[in-house]
Amino acid sequence: AAGEEARGGLEAAVQEVVGGVAPDWEAAHVCLRTLLTVLGNVLNRPGEGKYRRVRLTNASFRERVARHRGAVTFLGRAGFVRA
């Protein structure tokens with residue numbers, strides 16, 4: 001039940017990202033691809049702390065991800081916390 005709830009929250013955040021950038025599908029693609037890379041890095045290297053942090057002030061991250069509605073919410077629902 002908790003897993004289904006978490007999955008639903010992630011799916012809702014992805015829908016918010018996609019809906020928030022439409023019709024700029026390239027921006028949605030870049031945002032979602034970057035989010036998948038961030039999550040993939042954590043999964044592939046669970047012992048490396050640097051992959052468990054994202055600097056929201058990083059200019060590239062802000063441009064590619066954080067400026068899109070729902071993107072930071074997605075990271076929060078995936079287990080990232082604001083520091």
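If you build a Gaussian network model of the chain, linking Cα atoms that sit under 10 Å apart, which residue out of VAL18, VAL38, VAL72 swings the most?
Fluctuation is largest for VAL38.
If you count only protein heavy atoms with a 1.4 Å probe, what accessible area per residue comes out for the chain, rounded to a whole Å²?
Each residue of the chain exposes 68 Å² on average to a 1.4 Å probe.
Helix-only estimate, please: 222 nm mean residue ellipticity of the chain, summing -39500 (n - 2.57) across DSSP H runs of length 4 or more and dividing by its residues, to the nearest 500. Write down the numbers at each step before the final one.
Working: 3 runs with 47 residues, N = 83.
Computed mean residue ellipticity for the chain: -18500 deg cm²/dmol.
How much accessible surface does ARG45 have with a 1.4 Å probe, in Å² rounded to 10?
That residue has around 90 Å² of solvent-accessible surface.
Keeping the other protein chains in place, figure out the carbon and sulfur percent of the accessible area of the chain, with a 1.4 Å probe.
Summing carbon and sulfur atoms, their accessible area is 53 percent of the total for the chain.
How high is the relative contact order of the chain, in percent, with contacts defined as C-alpha pairs under 8 Å that are six or more residues apart?
Computed value for the chain: 42 percent relative contact order.
Taking the Cα centre of the chain as origin, work out the dipole magnitude from +1 charges on Lys and Arg Cβ and -1 charges on Asp and Glu Cβ, in debye rounded to 20.
Dipole of the chain, to the nearest 20 debye: 480 debye.
Once you compute Rg and the Kirkwood Rh from C-alpha atoms, what is the Rg to Rh ratio for the chain? Show your work: numbers first, answer last.
On the way: Rg = 12.6 Å, Rh = 13.1 Å.
We get a ratio of 0.96 for the chain.
The values are calculated or read from the model by the stated rules, or taken from the named source; none is laboratory data. Being a predicted model, the structure only gives us computed values, none of them experimental. Note: ideal-geometry Cβ built from the backbone for every residue, glycine included; neighbour counts use all protein chains shown. The protein model used for the area step is the full one, side chains on, heavy atoms only, and it has no ligands, DNA or RNA in it. Shrake-Rupley method; radii C 1.70, N 1.55, O 1.52, S 1.80 Å.
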